[in-house]
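What follows draws every value from the coordinates through simple rules; no lab data is involved. This structure is a prediction, so every number in the text was calculated from the model and none was measured. Because the Cβ atoms are built from the backbone with ideal geometry, glycine has one as well, and the counts that use them run over all protein chains shown.
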């Protein structure tokens with residue numbers, strides 16, 4: 001065989017080998033995605049244990065463990081309004097095994113609030129599934145002078161020093177919800193940020209803080225035990241868990257509304273079929289009667305929606321909070 005015919009034989013063989021390698025890689029990748037998950041999953045919460053983000057992360061972890069038999073570890077990386085935890089996830093391997101319990105704070109308020117972040121919430125994360133819409137609850141100590149929102153407004157107007165309130169950090173739902181209340185009523189209030197709502201609630205009980213607007217799952221147990229007193233709920237409607245407690249709008253601040261949402265995110269560039277599989281299992285688990293009832297007892301309503309629908313929700317909330325932050329003059333350079 002001459003050299004030319006040898007080349008003609010070799011080239012097809014090389015091409016055949018390359019095609020075989022490509023097909024093998026595609027099949028292997030598809031197989032890996034089809035069998036997802038094959039190792040433990042990590043859910044990062046940017047807030048302290050005992051708070052709403054931590055609680056919901058553990059509910060989702062239980063749902064996924066029961067569905068797949070794989071262990072799910074909840075990891076609390078606390079600080080900077082959830083951004084320390086978010087950065088951990090943004091830098092993680094992009095394989096769908098590191099998830100983040102995101103919220104209106106981390107993925108709508110913070111991008112509007114801060115001029116510069118060490119990563120891009122839009123480009124480094126992918127929404128996976130809606131988890132819960134959470135009612136907010138204004139609370140104070142039972143032995144204090146406040147019995148209603150009208151009492152709070154009257155005291156704030158009469159006292160030379162501003163009332164102080166706690167939150168889970170700058171940009172948190174409690175912070176922004178109370179800033180919105182301050183803006184709406186014209187009252188001056190002093191913000192005291194904590195690393196978690198649980199710590200802030202302890203200082204409300206002790207009298208070091210006048211009040212706080214907490215996520216209901218974080219404070220409703222303390223209300224039921226008598227350690228805190230509910231003044232009003234921040235949502236558009238009253239809570240079925242506390243039907244006699246007025247909304248803040250009903251209690252004297254017309255038009256006021258503050259409800260939080262929580263969405264499960266993962267890193268960018270995770271294969272679409274992994275996202276869809278995660279979404280389907282989270283939605284299925286959260287829509288079960290027992291899980292819905294569990295969330296309802298904490299003042300939370302389970303969410304649903306496809307990957308694309310949840311992504312659209314996050315985009316709309318980004319636009320909304322950009323307007324709010326601008327209107328309140330809260331932009332942080």
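Label points 7 Å out from Cα along the Cβ direction at residue 304 and residue 320: separation in nm?
So the label points at residue 304 and residue 320 sit 2.0 nm apart.
Treating the angle as unsigned and between 0 and 90°, give the value, to the nearest 10°, between the Cα long axis of helix 197-206 and the longest Cα principal axis of the chain.
Around 10 degrees separate the two axes.
Grab every C-alpha pair in the chain, bin the distances at 10 angstrom width from 0 up to the longest one, and report whole percents.
Over the chain, the share of Cα pairs per 10 Å bin runs 6, 25, 30, 19, 9, 4, 3, 2, 1, 0, 0 percent.
Could you tell me how far the Cα centroid of segment 300-333 sits from the Cα centroid of segment 174-248, in Å?
21 Å
Could you compute the FRET efficiency for residue 269 and residue 293, with r as their C-beta to C-beta distance and R0 at 30 Å, rounded to 0.05? All intermediate terms of the calculation are to be shown ahead of the outcome.
On the way: r = 37 Å, r/R0 = 1.22.
So, using R0 = 30 Å, E works out to roughly 0.25.
Mind pulling the angle between the C-alpha long axis of helix 173-185 and the longest principal axis of the chain? Nearest 10 degrees, somewhere in 0 to 90.
50 degrees
Taking the Cα atoms only, what angle lies between the long axis of helix 272-286 and the longest principal axis of the chain, rounded to 10 degrees?
40 degrees
Note down, for segment 165-321, the three equivalent ellipsoid semi-axes (square root of 5 times each alpha carbon gyration tensor eigenvalue), biggest first, whole angstrom. Don't skip to the end; give the middle numbers.
Details: eigenvalues 180, 70, 50 Å².
Values for segment 165-321, descending: 30, 19, 16 Å.
Treat the count of other C-beta atoms within 10 Å as a stand-in for reagent exposure and order 191, 175 from fewest to most. Kindly include the intermediate steps, with their values, before the conclusion.
Values: 191 17, 175 25.
Taking fewest neighbouring Cβ atoms as first place, the list is 191, 175.
For the chain, modelled as a Gaussian network with Cα springs under 10 Å, which listed residue fluctuates most, 46, 207, 285?
Looking only at 46, 207, 285, the largest GNM fluctuation is found for 207.
Give, in whole angstrom and from largest to smallest, the semi-axes √(5λ) of the equivalent ellipsoid of segment 135-233, with λ running over the eigenvalues of the Cα gyration tensor.
Numbers: eigenvalues 66, 48, 29 Å².
Taking √(5λ) for each eigenvalue gives 18, 15, 12 Å, largest first.
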